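Q: One structure, as structure tokens, below. Some questions next.
The values are calculated or read from the model by the stated rules, or taken from the named source; none is laboratory data. Here the structure is a predicted model, which is why all the values come from computation and not from measurement. With ideal geometry, Cβ positions are generated from the backbone for all residues, glycine too; neighbour counts draw on all protein chains shown. To get the accessible areas, we keep the full protein, side chains included, count just its heavy atoms, and leave off ligands, DNA and RNA. Shrake-Rupley method; radii C 1.70, N 1.55, O 1.52, S 1.80 Å.
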Amino acid sequence: MFHYIKSIVKREIKGYFNSPVAYVFIVIFLILCGFFTFNVSNFYEARIADLRAFFVWHPWLFLFLIPSIAMRLWAEERRSGTIEILLTLPVTTGQAVIAKFIAAWIFVGIALALTFPLVITVFYLGNPDVGAIITGYLGSFFLAGAYLSIGSFTSALTRNQVIAFILAVVFCLFLVLAGWPPVTSALSKFASAGFINFVAALSFMPHFESMQRGVIDSRDIIYYLSVIAFMLFANTAVLNSRKSG
Amino acid sequence: MIEVKNLTKKFGSLTAVNNLSFIVNRGEVLGFLGPNGAGKSTTMRMITCFLTPTSGTASVNGFDVLNNPVDVRKQFGYLPENAPVYPDMTVESFLKFIGEMRGFSGTELKKRVDDTIEKCFLKNVKHQTIDTLSKGYKQRVCFAQAILHDPPVLILDEPTDGLDPNQKHEVRQLIKKMGEEKCVILSTHILEEVDSVCSRAIIIAKGQIVADGTPAKLRAMSKLHGAVTLSIHRVAKDSVIPFLASLPDVYHAERIGEKNNANVYRVFPKENKNIAHHIASAVREKKWEVEEFNIEEGRLDEVFRNVTTK
């Protein structure tokens, strides 16, 4: 079973780097990271040797960039018909979903790792908190994984990549803003307080922020992993339901 | 062996496949015929576990598509309609991926891939991205993908679609050869393919089987089957037709045209009777000058049209 997943992951990652998608994504991601960190957050003027000014932008950058990676995951397979090859190989739908997700996550991890010059810069400038940098990256990586799982799910809903993209952006945006007062007050007009608390608790932001502060709370990790697990489960269910369509 | 039992598939109110049952044994090449939209691809997709039947089931080498989909998939190689292949991969890396998914590794994997590339005449494009290949090559790459693991069962949805006549011939020879020891289902709407490849054919229309048998047997369903076509020189047709019609077991005789200044007649037998020898000896006695004499086997296209347009 693992060797099937491994083969699909390998194929997918090769696929990223065989197409311009990977390079465009990485270059845009790095440029935007640099722009927001140095030009908007004024990294140098802050005179603090940490990467808060860098990580704080990730939920917003990922909001557009991750769905652009995720939108092709299933929509493209369906449009080109290769899904019929993939899902008639001796794998279960769930294994294929997990494998494609892992590949995309590794790819985003590579893009994230390529921001290492920033780490070198803060070490050159001062004595940063190593723990906070590590948890910052970890938090960013998990956040990306959660976005990706949502994008993978919306990608399975349609063969149109644009629709998959928009659905993923809206879905992620909702989870970013879920705890924000304007959203909770809008919900309070028709939902019970218990429901609003539940929605607010689903928000990405508290979990992201606590990891940026250098705190690794197992609850945050469990939160991200359960979002991912739930979305991939839904993703599998959508693909399987299409079989009996 | 493939066993299809009361297989039914509905898409909303449309019944694409309606209570289909048949068995394909090892050593058989089954041609799956039918007009577009008859349910050929849908049936294949259910056998390959890509679609779930609404009711009924199918099994491949004893594994049931509902209970053991992964085991079922290990039994067959599948060429889907329109031969989808990952466009961003090279031919070689795509086949390597398929080989890995079929459980091969190391030198065995390399050997399988090389052999398959050889067999499917892909050697000169093996480093090319699939994207850049013509339709015929893509079709063969997808075909290669299906046979790479030498599966006991082959399910091929329009395997010669988009190939030029030479490639068609090669692929048919390949299928025919593999059919000797495998169980093969192929769908097609090219009727000549049935003659050159299939040991048996099923015609389906509106999701149901309307004819099932060897190509010869199907041909015998033609109303032309057993008819004699002959051309006779220098005899007035008014005297020939009544004479031919009066011969034993003859149902009907007519003039169907003219060729090289001779009248061409077609004589239809009464049901399942052999009239050729009666006509031959009668015409010889008359000392008529016969230029051509043919016993019609019947024509598949006519049978196809008859059974699918009812």
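Q: Over the range B:228-297, what percent of the accessible surface lies on carbon and sulfur atoms, probe 1.4 Å?
A: 44
Q: Now for a different question. Please work out the FRET efficiency for the pair A:F195 and A:V215, using the Cβ-Cβ distance as r and a Förster radius of 25 Å; give the result to the nearest 0.05. Can you show the working numbers first?
A: On the way: r = 28 Å, r/R0 = 1.13.
E(calc), rounded to 0.05, equals 0.35.
Q: Give me the accessible area per residue for the range B:228-297, probe 1.4 Å, as a whole number in Å².
A: Computed with neighbouring chains in place, this is 62 Å² per residue.
Q: Rounded if a/c is under 1.5, else prolate if a/b beats b/c, else oblate: with a ≥ b ≥ c from the C-alpha gyration tensor eigenvalues square-rooted, which is the protein assembly as shown?
A: Prolate shape, in that a/c is at least 1.5 and a/b is the bigger ratio.
Q: Another question, if that's okay. Run the simple label-point estimate for A:S244 and A:F38 please: 7 Å along Cα→C-beta, distance reported in nm.
A: About 5.6 nm separates the two model spin labels.
Q: So which GluC sites (Glu not before Pro) in the range B:264-309 pass both tests, a DSSP loop state and at most 12 other Cβ atoms within 10 Å of the Cβ?
A: Of the GluC sites (Glu not before Pro), the ones in loops of the range B:264-309 whose Cβ has at most 12 other Cβ atoms within 10 Å are B:E271.
Q: Now for a separate question. Ignoring any ligand, DNA or RNA, what whole percent of the accessible area of the range B:2-219 comes from carbon and sulfur when the probe is 1.4 angstrom?
A: Heavy-atom surface of the range B:2-219 belonging to carbon and sulfur, 1.4 Å probe: 48 percent.
Q: Less than 16 Å apart at the alpha-carbon level, and either on another chain or at least 8 residues along: which aspartates and glutamates does that give for B:K96?
A: A:E12, B:D88, B:E108, B:D114, B:D115, B:E118, B:D150
Q: Quick check on chain A: what does the Kirkwood estimate of hydrodynamic radius come out to from the alpha carbon pairs, in Å?
A: Every distinct Cα pair counted, the radius reaches 19.0 Å.
Q: Please give the contour-minus-distance gain from A:L173 to A:E45: 0.36 nm per residue of separation, less the Cα-Cα distance, rounded to one decimal in nm. Each step should come with its number before you reach the end.
A: Values: separation 128, 0.36 × 128 = 46.08 nm, distance 3.02 nm.
Extra length available between A:L173 and A:E45 comes to 43.1 nm.
Q: Would you please name the GluC sites (Glu not before Pro) within the range B:97-196 that are DSSP coil residues with at most 14 other C-beta atoms within 10 Å of their C-beta?
A: Passing sites in the range B:97-196 are B:E180, B:E181.
Q: Once you have the Kirkwood Rh of the range B:228-297 from its Cα pairs, apply Stokes-Einstein at 25 °C and 0.890 mPa s and quote D in µm²/s.
A: Working: Rh = 11.9 Å.
The estimated diffusion coefficient comes to 207 µm²/s.
Q: For A:S80 paired with A:F64, estimate the spin-label separation in nm (one decimal), with each label point 7 Å from Cα along the Cα-to-Cβ line.
A: 2.6
Q: I've got another one for you. How compact is chain B by the rule of thumb for globular proteins, expressed as Cα Rg over 2.2 N^0.38 Å?
A: After normalising by residue count via 2.2 N^0.38 Å, the value is 1.26.
Q: Taking a virtual spin label 7 Å from the Cα of B:E81 along the C-beta vector, which residues in the range A:50-88 bring their backbone nitrogen under 15 Å of it?
A: Counting only backbone N, you get A:79-85.
Q: Need one value for B:100-108: mean number of C-beta atoms belonging to other chains within 10 Å of its residues' C-beta atoms.
A: 3
Q: For the range B:176-310, treating each Cα as an identical point scatterer without solvent, what Debye log10 I(q)/I(0) comes out at q = 0.18 1/Å?
A: Per q value, in the given order, log10 I(q)/I(0) is -0.95.
Q: Could I ask something else about it? List the residues of the range A:85-123 that lose 10 Å² or more of accessible area once all protein chains are present, compared with their chain alone (1.4 Å probe, heavy atoms only, no ligands or nucleic acids).
A: Output list: A:I85, A:L86, A:L87, A:T88, A:L89, A:P90, A:V91, A:T92.
Q: List, by residue number, every residue in the range A:228-245 with a reduction of 30 Å² or greater in accessible area between the chain on its own and the complete protein assembly, 1.4 Å probe.
A: When all protein chains are present, A:K243, A:S244, A:G245 each give up 30 Å² or more of accessible surface.
Q: Please compute the per residue accessible area over the range A:2-244 with all protein chains in place, 1.4 Å probe, rounded to a whole number of Å². Numbers along the way, then the final one.
A: Numbers: 10810 Å² over 243 residues.
Per residue, the range A:2-244 has 44 Å² of solvent-accessible surface.
Q: Under the rule that an exposed site lies in a DSSP loop and has at most 11 other Cβ atoms within 10 Å, name the longest stretch of chain A with no trypsin sites (Lys or Arg not before Pro) of that kind, not counting the sites themselves. Could the numbers behind the result be given before it?
A: Values: sites that count: A:R47, A:K189.
Result for the longest clean stretch: A:48-188.
Q: Run the accessible area of the range A:2-244 with a 1.4 Å probe and give the carbon-and-sulfur part as a rounded percent.
A: Values: 7750 of 10810 Å².
C and S fraction of accessible area: 72 percent.
Q: Kindly report the accessible area of the range B:2-219 per residue (heavy atoms of protein chains, probe 1.4 Å, no ligands, DNA or RNA), in Å².
A: Accessible surface, normalised per residue, equals 39 Å².
Q: Here's something else I'd like to know. If you only keep lysine pairs separated by 8 or more in sequence, or across chains, how many in chain A come under 25 Å at the Cα atoms? Walk me through the numbers on the way to the answer.
A: Numbers: A:K6/A:K14; A:K6/A:K100; A:K6/A:K243; A:K10/A:K100; A:K14/A:K100; A:K100/A:K243.
Here the count comes out as 6.
Q: In nm, what is the difference between 0.36 nm times the number of residues separating B:E254 and B:E271 and their Cα-Cα distance?
A: Here the answer is 4.4 nm.
Q: Enter the buried accessible area of the B/A pair, total of both sides, probe 1.4 Å, in Å² rounded to the nearest 100.
A: Summed over both sides, the interface buries about 2600 Å².
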